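A.B. asks: Below you will find the structure I want to go over with you.
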Amino acid sequence: QVPLKPGRSLMDWIRLTKSGKDLTGLKGRLIEVTEDELAKHNKKEDCWICIRGLVYNVTPYMEYHPGGEDELMKAAGTDGTDLFDQVHRWVNYESMLKECLVGRMAFKPIAAPKGEGFQNEMISNMFNSKYNFLSFLCILFYSYDWFQTDGLITIVVYTKQKDMNAELVIVDCQDKRLRGEIILADHSYLIELGSNSMKQFSFVVNIAEKVGKVEIILKKKDNVHWNVLGRPLESHNTFIKRTDRGLCYRKCKLVSKTEVTHDTKLFCLMLPKSTHLQVPTGQHVYLKQVIAGTEVVKPYTPILPSLTLDFKQPSCHDGAPIYLMIKIYSCGLFTQALDHLQIGDYISVSSPEGNFKKSQVQTSEDLFLLAAGTGFTPMVKLLNFALTEVSCLRTVKLIFFNKKEDDILWRNQLEELALKDKRFEVQFVLSEPTKDWGGKQGKISLSLLSECVKRSRKDSKVLICICGPTPFTEQGVE
């Protein structure tokens, strides 16, 4: 993110979009945009961008973009869908930019091939599109089956993935819809059915890890024979890249909100009873809230409720809890809205996303975690996993950067954990310490890291994970 000028906050942008001002320059008309026409609008003072076939005039949004003008200019006058998906897939651009909509892209018609080569041409085009050979095979061979007894419906998927586990299966049964997503590397297989009979079923998920079999067992409300499982919805029985799927949200209830520091709170959100979802280590979720009539979305990394409870989640009969440690910014539109939520209120939470692989930790001997402020949150589950499940690790060190002593999150718990496990060490670094501070001080730098990051052995395998504000991360990577 980059500093924005005064009067250029998200709330200011929302006010501008609702002011009635013509933000497209077309006086309310929608047009078809050719590639040549799109390419002409490639300057800061005249910038159009195409996202998923829709063209937006983002010129008025330049000064409001949290990532800065340069990031928007990377897609100026072009199709920015791929770039958008890499950086901002979670952003609800359709809501944020709806007043900037110019129109649709005009695509050139493609003549249909004739003759015997037509089928081969179709297959060739498929392989040259977003579907690769793996996708094609999985569309052919991945499917599901179902059977029933008087009281149960059992849906079975054979994934042939030997390391299948509960974190790779997400099931929602609500709003007369069953949605079961099975994660297979960077792809996912989806079952999505609608039925009047599916009204928040109670269900269980069984997984045979060795053979990769997944069972979703629904309990019938009445002992009635089902002739069909349900009505196939648009994305039913598909196997595609996860980045090509839209995010799936469910409403979660706020059950507690506790103070961690002077400006940071721990939120506990409860998943619906009709949802099976576990957030894997190193992955995040998105929170979605409607603010002043605009959908606003932000990413957060779930954590454990505590570091000092032997890493055990408290039992809960109403649903699975998701804990989020969130810094409340005095001028932050989204975090202020979160802070004003009352116990019992609801907020939409997405399915997990992220590319972190546990195997990176499992093959390391020294693990160094560099965190600044709430960049500490991804480290919580990572610490849990490293200290409880990775026996080959000799050292695990957290180097925790903050401005002031009062900003340090869970300081007592971290110090207690260091006493409990000899492999773990925590080092606090302050950039604005008081004269009484006796620890490390300064900002992230090569000289500071060379003092703090040292191998346990000369040839040990090292993994370094870093999270914090963009300048902090960029400095650490350099």
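A.B. asks: Cut-off under 16 Å on the C-alpha distance; same-chain residues fewer than 8 positions from residue 253 excluded. Which aspartates and glutamates are left, in chain and number order?
C.D. replies: Leaving aside aspartates and glutamates fewer than 8 places away in the same chain, those within reach of residue 253 are 172, 318, 339, 345.
A.B. asks: Hey, got a sec? Which trypsin sites (Lys or Arg not before Pro) in region 404-478 land in a DSSP loop and have at most 16 other Cβ atoms within 10 Å?
C.D. replies: Here the trypsin sites (Lys or Arg not before Pro) that fit, given the DSSP loop and packing criteria, are 404, 422, 423, 435, 443, 454, 455, 457, 458, 461.
A.B. asks: While we're on this one: Which GluC sites (Glu not before Pro) in region 1-50 sit in a loop by DSSP (not H, G, I, E or B) and have at most 16 other Cβ atoms within 10 Å of their own Cβ?
C.D. replies: Passing sites in region 1-50 are 45.
A.B. asks: Contour minus end-to-end for residue 44 and residue 26, with contour as 0.36 nm per residue of separation and end-to-end as the Cα-Cα distance?
C.D. replies: Extending this stretch completely gives an extra 4.7 nm.
A.B. asks: Contour minus end-to-end for residue 291 and residue 52, with contour as 0.36 nm per residue of separation and end-to-end as the Cα-Cα distance?
C.D. replies: That pair, residue 291 and residue 52, stretches by 83.6 nm at full extension.
A.B. asks: According to the square roots a ≥ b ≥ c of the eigenvalues of the Cα gyration tensor, what is the shape class of region 10-105, taking rounded for a/c under 1.5, prolate for a/b larger than b/c otherwise, and oblate for the remainder?
C.D. replies: Rounded.
A.B. asks: Taking a ≥ b ≥ c as the square roots of the Cα gyration tensor eigenvalues, with a/c under 1.5 meaning rounded and otherwise prolate when a/b beats b/c, else oblate, which class fits the chain?
C.D. replies: Cα axes put the chain in the oblate bin.
A.B. asks: Probe of 1.4 angstrom, ligands and nucleic acids ignored: what's the accessible area per residue over region 324-392, in square angstrom?
C.D. replies: 39
A.B. asks: Using a 10 Å cut-off on Cβ atoms, rank the peptides 463-470, 21-28, 52-59 from the highest mean neighbour count down.
C.D. replies: 52-59, 463-470, 21-28
A.B. asks: Just to check I understand the Karplus step: with θ = phi - 60° and J = 6.51 cos²θ - 1.76 cosθ + 1.60, what whole-Hz values come out for region 238-250, glycine and proline as x?
C.D. replies: 10, 10, 9, 4, 4, 5, 8, 8, x, 5, 9, 10, 9
A.B. asks: State, in angstrom, two size descriptors of region 358-477 derived from its alpha carbons: Rg to one decimal place and Dmax to the nearest whole number.
C.D. replies: Rg then Dmax for region 358-477, in Å: 13.9, 43.
A.B. asks: Can you compute the modelled spin-label distance between residue 346 and residue 163, with each label point 7 Å from Cα toward Cβ, in nm?
C.D. replies: 3.7
A.B. asks: Right, next: Report the full-extension gain for the segment residue 261 to residue 363: residue separation times 0.36 nm, less the Cα-Cα distance, to one decimal in nm.
C.D. replies: 33.2 nm
A.B. asks: Set the Förster radius R0 to 56 Å, insert the Cβ-Cβ distance between residue 213 and residue 435 as r into 1/(1 + (r/R0)^6), and round the FRET efficiency to 0.05.
C.D. replies: 0.35
A.B. asks: Another one. Taking only DSSP H segments of four or more residues, each worth -39500 (n - 2.57), what value at 222 nm results for the chain once the sum is divided by all its residues, to the nearest 500 deg cm²/dmol?
C.D. replies: -5500 deg cm²/dmol
A.B. asks: Considering Cα pairs under 8 angstrom that are at least six residues apart, work out the relative contact order of the chain and quote it in whole percent.
C.D. replies: 11
A.B. asks: Next question. Suppose we keep just the DSSP beta bridges with both residues in the chain; what percent of those would be antiparallel, to 5?
C.D. replies: 75
A.B. asks: Counting only protein heavy atoms and using a 1.4 Å probe, what share of the accessible area of the chain belongs to carbon plus sulfur, as a whole percent?
C.D. replies: 51
A.B. asks: In region 221-251, which chymotrypsin sites (Phe, Trp or Tyr not before Pro) are in a loop and have at most 16 other Cβ atoms within 10 Å, using DSSP for the loop call?
C.D. replies: For chymotrypsin sites (Phe, Trp or Tyr not before Pro) across region 221-251 that sit outside H, G, I, E and B with at most 16 neighbouring Cβ atoms in 10 Å, the list reads 226.
The values are calculated or read from the model by the stated rules, or taken from the named source; none is laboratory data. Everything numeric here is computed off the predicted structure, so don't read it as measured data. Here Cβ is always computed from backbone atoms with ideal geometry, including for glycine, and neighbour counts include all displayed protein chains. Please note that ligands, DNA and RNA were not included when accessible areas were found on the heavy atoms of the full protein model with its side chains. Shrake-Rupley method; radii C 1.70, N 1.55, O 1.52, S 1.80 Å.
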